[in-house]
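**Student:** I am attaching a structure below and will ask some questions about it afterwards.
The values are calculated or read from the model by the stated rules, or taken from the named source; none is laboratory data. Because the structure is a prediction, the values reported are computed rather than measured. We place every Cβ from the backbone using ideal geometry, glycine too, and count neighbours over all the protein chains shown.
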2 protein chains.
Amino acid sequence: MLSKNQAKNLRALHRKKTRREQGLFLVEGEKVVAELLAASDWQVQSLYATAAFINAYKGLIKQSGVTLVECSAEELTSVSTLVSNSAALAVVAMPRQAPDLHLDSNTWILALDGINDPGNLGSVLRIADWYGIQQVMCSPTTAEVYNPKVITASKGSFLRVAVVYQPLPDFFATLSANTAVLGAYLDGESIHNLQPNPQGGVILLGSEAQGISAELAALVTRKITIPAFGAAESLNVGIAAAVICDNLKRLSSL
Amino acid sequence: MLSKNQAKNLRALHRKKTRREQGLFLVEGEKVVAELLAASDWQVQSLYATAAFINAYKGLIKQSGVTLVECSAEELTSVSTLVSNSAALAVVAMPRQAPDLHLDSNTWILALDGINDPGNLGSVLRIADWYGIQQVMCSPTTAEVYNPKVITASKGSFLRVAVVYQPLPDFFATLSANTAVLGAYLDGESIHNLQPNPQGGVILLGSEAQGISAELAALVTRKITIPAFGAAESLNVGIAAAVICDNLKRLSSL
């Protein structure tokens, strides 16, 4: 059973301010909580789950050593950001240190310049994970990765993709001079056929509304474009990320 | 100014039942309403717009001959499905006849089997439009194209892409025997390199939860797959549609 105080604390974690103050965030829903419990490198502070979830995942729960509170689906839903939650909700500690990003000649990093929609950020993490891109560098204007909408949209990929926030000019200043920085534009080289064919580097995506900022544009070494065959003016940033990653992974494995 | 009765009628169009009964649907927001007014083949029944919108688009409005009601941004927002609308809202007649789909050897049709999330359907229309695929065949279990969320997510692409609803087995029965039917699976041929290279046909996408139904699976002539390089289990159906269309358009222009 969920106490009033527990419910209040869980609801408080819907807010960014509380998440930051407490260094905690929520992970919700059966599949992603099960994945979280199986991942060894996250510190789960407490788990609120229905009897059915506890029964289905008792091995994982025991192994994780987490504090467990059994509650009903109605109680879970009342503190969840999901429309309904009949499985589980975990309170997780944010990592104390930002992961170190590293880039060698056949690694890709995604850099996001002001992707402020949480659903889009979550979608980009899922795509990065599909394409084996394990590092995402975000401008401070990008949505917060611990927003429950990001976590949910990422479908568990936040567990595998390292996300770091840094002013992008500072990040670019750390790169070696010969690093390829591919910026997504509407008037660059077609990603269907890049010559020469890049093996790794940074893929820079701007916001849907503003594109890549002028300051960063100066750091782009190569402008790339998704070829259009019809009349739509643009693609959603998650869609663009997927098509670009797909082509770069295809080209670099040729 | 918006009368109580007008407001009531506009809000009623948020519901599928009313849209069906009246054969009308809503188009909302500055950019898409402006595109709608410029498109000649849609019958706009009435236009509710702010003075700023009317001033900016007076040529288009005059040319369209539409009944115009000036109202404030607050009034518009109160009847809109958008979080805020400070520009325009149009009431549009559904086409009386479903468009005829036609398929020749170098045309692609997207067929959607139970894509019930309106945002995903809108996203698929925008992608189809980007890739010059002008025909989308939907199973009756797919989201309604006139749902305001579909219209908004399509970003105006609903104006250019013909959408038809038909039980998919009936649609497949109309195809000539040598039509390629490419079904998206997790264990098919890699779309990075299809041999031989299809020039046109049907691209069949199943729902995220269930995939392609068994009945339709028997009609697939070729199973295709987006290659994975990482650990994510799946991609969102809109993302999958984009990556598949991108590869097929690339391959068919080689």
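**Student:** Would you please name the residue that is surrounded by the most Cβ atoms within 10 Å (Cβ to Cβ), looking only at residues in segment A:200-210 that are away from chain B (no Cβ under 14 Å) and at pLDDT below 90?
**Tutor:** Selected residue: A:SER207.
**Student:** Report those helices (runs of 4 or more DSSP H) wholly inside segment A:44-84 carrying at least 2 residues which are in contact with a Leu (Cβ under 6 Å, 6 or more places away or on another chain) and closer than 15 Å to A:ALA34 by Cβ.
**Tutor:** Numbers: elements: A:51-56, A:58-64, A:73-79.
Once the helices (runs of 4 or more DSSP H) in segment A:44-84 are filtered for at least 2 residues that are in contact with a Leu (Cβ under 6 Å, 6 or more places away or on another chain) and closer than 15 Å to A:ALA34 by Cβ, what remains is A:58-64.
**Student:** Identify, please: which residue in segment B:131-146 is β-branched (Val, Ile, Thr) and crowded, with 18+ Cβ neighbours inside 10 Å and is, among those, farthest from B:ARG15 (Cα to Cα)? Let's see the steps before the verdict.
**Tutor:** Initial filter on segment B:131-146 (β-branched (Val, Ile, Thr)): B:133, B:136, B:141-142, B:145.
Applying the additional criterion that residues be crowded, with 18+ Cβ neighbours inside 10 Å yields B:133, B:136, B:142, B:145.
Values: B:ILE133: 29, B:VAL136: 23, B:THR142: 16, B:VAL145: 13 Å.
The qualifying residue farthest from B:ARG15 (Cα to Cα) is B:ILE133.
**Student:** Name the single residue that is surrounded by the fewest Cβ atoms within 10 Å (Cβ to Cβ) among those in segment A:112-130 being within 10 Å of A:THR142 (Cβ to Cβ) and of a type in the set (S, T, N, Q).
**Tutor:** A:ASN116
**Student:** Under the condition of being part of a loop (DSSP other than H, G, I, E, B) and of a type in the set (D, E, K, R), which residue from segment A:140-158 is nearest to the other protein chains (Cβ to nearest Cβ)? First the steps, then the outcome.
**Tutor:** Here is the first cut: in segment A:140-158, the ones part of a loop (DSSP other than H, G, I, E, B) are A:140-147, A:154-156.
Keeping just the survivors that are of a type in the set (D, E, K, R) gives A:144, A:155.
Working: A:GLU144: 20, A:LYS155: 7 Å.
It comes out as A:LYS155.
**Student:** Do we have any residue at all in segment A:244-251 that's farther than 14 Å from B:PHE229 by Cβ and either within 10 Å of chain B (Cβ to nearest Cβ) or in contact with a Gly (Cβ under 8 Å, 6 or more places away or on another chain) (or both)? Give the derivation first.
**Tutor:** From segment A:244-251, those farther than 14 Å from B:PHE229 by Cβ are none; that's our starting set.
Among the residues of segment A:244-251, not one is farther than 14 Å from B:PHE229 by Cβ and either within 10 Å of chain B (Cβ to nearest Cβ) or in contact with a Gly (Cβ under 8 Å, 6 or more places away or on another chain) (or both), which makes the answer no.
**Student:** Further question: Can you tell me how many residues in segment B:95-107 are surrounded by 16 or more Cβ atoms within 10 Å (Cβ to Cβ) and at pLDDT 90 or above? Walk me through it before giving the result.
**Tutor:** Taking segment B:95-107 first, the residues surrounded by 16 or more Cβ atoms within 10 Å (Cβ to Cβ) are B:101, B:103, B:107.
After this cut, where a residue has to be at pLDDT 90 or above as well, the list is B:107.
Total satisfying the criteria: 1.
**Student:** Taking B:LEU82 as the residue in question, decide whether it is within 21 Å of the chain's Cα centre (by Cα), in the same structural domain as B:VAL237 (by TED's automatic domain parsing), surrounded by 13 or more Cβ atoms within 10 Å (Cβ to Cβ) and of a type in the set (A, V, I, L, M, F, W, C). So that I can check it myself, show each step before the final result.
**Tutor:** On the way: within 21 Å of the chain's Cα centre (by Cα): yes; in the same structural domain as B:VAL237 (by TED's automatic domain parsing): no; surrounded by 13 or more Cβ atoms within 10 Å (Cβ to Cβ): yes; of a type in the set (A, V, I, L, M, F, W, C): yes.
In short, no.
**Student:** Can you tell me which residue within segment B:117-138, out of those that are at the interface with another protein chain (Cβ under 9 Å from one of its Cβ atoms) and not in a helix (DSSP H, G or I), is nearest to A:SER123 (Cα to Cα)?
**Tutor:** If we take residues in segment B:117-138 being at the interface with another protein chain (Cβ under 9 Å from one of its Cβ atoms) and not in a helix (DSSP H, G or I), then B:TYR131 is nearest to A:SER123 (Cα to Cα).
**Student:** For segment B:215-239, give me each residue that is more than 8 Å from every other protein chain (Cβ to nearest Cβ) and surrounded by 20 or more Cβ atoms within 10 Å (Cβ to Cβ). I'd like the intermediate steps shown before the answer.
**Tutor:** Start the filter on segment B:215-239 by keeping residues that are more than 8 Å from every other protein chain (Cβ to nearest Cβ), which leaves B:215-225, B:237.
Selection gives B:LEU216, B:ILE224, B:VAL237.
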